[in-house]
Amino acid sequence: MPDVITVRVQTDSDSFQDVVVKLERPTYHKPFLGGFKNRITGVEFHNAGSQTIPKKRPDKGVQLFCRGTQTVFEKNKLQQTKNTTSTQMTKIGLYVSNMTDKLISPGKYVTAEEFHKRRLEAVIVLQTYFRRWHAINVVQNLRERKRLRLAWEAQEELRRKKEKEEKLRKEHERRLNPKTNDDFELLYHALELWRQEETERINRTLTGAERKAAFCGLLEQEAQLIASVGRHKLNADEENQQKAILHFLHKCAQPKRWKAYDGKVTEMDTQYTLRARELFEIYRSISMNDVPKDERIDVLLTLRRTVKEHECKLTQEIVELIDREVDLMSREVKECNLEGLRKRICTLFLQYIKTPKFNPEVARILKVPPDPLKLYKNVNFCHSCGNHLPSTEFSVPANSCTIGRCRLCCKLDNEARRREEFLKYKLILENLRKSEADYQDDAKIVFLVQHQDLRYMIENIWGCQSALSACSDLYDLVMVRWDKQHEWSPWNTILLTRDEAVAHLKLCNLQKAYEAAFIHRIKHKHIRARNYFAQIPAMTSFLHRSDNQASAN
């Protein structure tokens, strides 16, 4: 075949065109890709292959061998010899016994319809047994779940009962042995309830002069009870003051602590913490009662050596009192006559400990700033007691426009007149603030709300009961977010029991979980709360601006 050929191509029904085609000779052997051969004519037809010249591999200068030359193919083939068998029949000259032969006769012919019908019946039987087994398992699972549910409900009921009994026991114990301001608040509230019950009984049963005499007796009993509560309060204040002093001194004597990158806590004592610990041990020794005479003298001498390190009017007075007590103890003076002198020594030594010049570590914990000019900042005037007090001593409601009275005046007015109990509302507010702090989304409004505001919301807006179950036990009620994606506020809250609150916070879509009527009722309460606490949004925006400015600085 020549290198150039001319091919006539039909371009139209009547026209043809000659096309010159240049042939490229292959430089390699064309591989055989299969084909077939016409048996009549003997012409071979090969399968079409690619016409593109294959890319040549670069010569690496290393002689390579194909896989076929390097691999040995092995093939194992098992062969089994033929086992020739034969049968032998009876014939002329040969007898074969048929005693062991079996006579086989053809059975009844089964049509396809009968076959499928029999299979369907078998399937139905299998399904019947399977469904019975499945039903038994379902019933057993339901019975087990019911048993677990009843056991859990009994356990929860027992837990609630124990919690209620423990709460009543603690409340009774707090009334018998009051120690804190909340305990005395409970005591005054119980006194007011007793007075109201007695007043109602007298008005219902007596008239005339007997009624007046009963009221006079009731007034005398109330005065005696108030005096008894006052004596308990003085004793509790003295005990609490001593505990506060020991806690303050223990805090001064604690070593420096910091956490390393691996989580381990490192402690270090400085010369100031060692000095504070020494003074703390001396104060605890001299404030102890029923100490033997020899040990008391040793403690006083140790105290004398300690304060003699600094010469001033305070230390001189302490030394004079120590010498006086040692002299009186040597004269066998009774212990009861030395109580006043010992209290003076403890008071002056505590003043010595609180002086940063003698105890440098205490300057870090003292509430009174060393600079007197700082005392003039954030100071407000109480119109009730006539004292100038820091802003922290005033409890300002969220909707108030003025400062009002200080906390002490409000407490005294409550003890003298209304005698209301705020412990339940304080517990609800404390739990609410803890839950909001766990969100870590920089909540502000919950820390602006006081227990008076929470009391108004619970009593006037929510009716002192759960929004779902109408439970009225305030010790079991908590306030949580209505929509947990937004910050808590009086218009984004709901009053529920503890168990209901846990279930409510697990909901993802409130519109699907609650009915429209219930959501409408909650929204109505939110509107009432927003109207009452109209000043909170402005205060919150001010706090956020202050935080942003502090962060920028």
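Filtering region 1-32 down to residues that are open to solvent by 100 Å² or more (accessible area, probe 1.4 Å) and not in a strand (DSSP E or B), which residue is farthest from Lys55 (Cα to Cα)?
Asp14
(1) in contact (Cβ under 8 Å) with a residue 24 or more places away in the chain; (2) within 33 Å of the chain's Cα centre (by Cα); (3) assigned to a helix (DSSP H, G or I): which one isn't true of Pro178, the others all being true?
Here Pro178 clears every test but (3).
If a residue must be assigned to a loop (DSSP other than H, G, I, E, B) and open to solvent by less than 100 Å² (accessible area, probe 1.4 Å), how many such residues does region 34-47 contain?
Of the residues in region 34-47, 6 are assigned to a loop (DSSP other than H, G, I, E, B) and open to solvent by less than 100 Å² (accessible area, probe 1.4 Å).
Evaluate region 127-141: report whether one residue or more is open to solvent by 90 Å² or more (accessible area, probe 1.4 Å) and under 38 Å from the mean Cα position of the chain (by Cα).
yes
Under the condition of being among the acidic types (Asp, Glu) and under 30 Å from Arg419 (Cα atoms), which residue from region 222-277 is most open to solvent (accessible area, probe 1.4 Å)?
So the residue we want is Glu238.
Say whether the condition of being closer than 20 Å to Arg304 by Cβ and of a type in the set (A, V, I, L, M, F, W, C) is met by at least one residue in region 249-264. Let's see the steps before the verdict.
So in region 249-264, the residues closer than 20 Å to Arg304 by Cβ come out as 249.
Subsequent filtering for residues that are of a type in the set (A, V, I, L, M, F, W, C) retains 249.
Scanning region 249-264 turns up at least one residue that is closer than 20 Å to Arg304 by Cβ and of a type in the set (A, V, I, L, M, F, W, C).
Does Arg331 satisfy the condition of being open to solvent by 50 Å² or more (accessible area, probe 1.4 Å), over 51 Å from the mean Cα position of the chain (by Cα) and either of a type outside the set (A, V, I, L, M, F, W, C) or modelled with pLDDT under 85 (or both)?
Numbers: open to solvent by 50 Å² or more (accessible area, probe 1.4 Å): yes; over 51 Å from the mean Cα position of the chain (by Cα): yes; either of a type outside the set (A, V, I, L, M, F, W, C) or modelled with pLDDT under 85 (or both): yes.
So Arg331 passes the test.
Give me the helices (runs of 4 or more DSSP H) completely within region 413-489, filtered to those with at least 3 residues that are open to solvent by 20 Å² or more (accessible area, probe 1.4 Å) and touching a residue at least 12 places away in the same chain (Cβ under 8 Å), ordered by residue number.
423-439, 451-456
Outside the structural domain of Leu477 (by the TED database) and in a loop (DSSP other than H, G, I, E, B), is that true of Cys410?
no
Let's see how each residue does on (1) touching a residue at least 24 places away in the same chain (Cβ under 8 Å); (2) assigned to a loop (DSSP other than H, G, I, E, B):
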| residue | (1), (2) |
| --- | --- |
| Asn289 | no, yes |
| Leu303 | yes, no |
| Asp323 | no, no |
| Asp327 | no, no |
| Ile345 | yes, no |
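Restricting attention to region 525-533, does a residue exist that is at pLDDT below 90, open to solvent by less than 50 Å² (accessible area, probe 1.4 Å), within 23 Å of the chain's Cα centre (by Cα) and at negative phi?
no
Listed here are the residues, each with its yes/no results for (1) in a helix (DSSP H, G or I); (2) of a type in the set (S, T, N, Q).
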site: Leu495; (1), (2): no, no
site: Asp499; (1), (2): yes, no
site: His504; (1), (2): yes, no
site: Leu507; (1), (2): no, no
site: Gln511; (1), (2): yes, yes
site: Phe518; (1), (2): yes, no
site: Arg521; (1), (2): yes, no
site: Arg528; (1), (2): yes, no
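The values are calculated or read from the model by the stated rules, or taken from the named source; none is laboratory data. Note that the coordinates shown come from a computational prediction; the quantities given were computed from them, not determined experimentally. Cβ coordinates were reconstructed from backbone atoms using ideal geometry, including for glycine residues, and neighbour counts include every protein chain displayed. We work out accessible area using only protein heavy atoms, side chains counted, and drop any ligands, DNA or RNA first. Shrake-Rupley method; radii C 1.70, N 1.55, O 1.52, S 1.80 Å.
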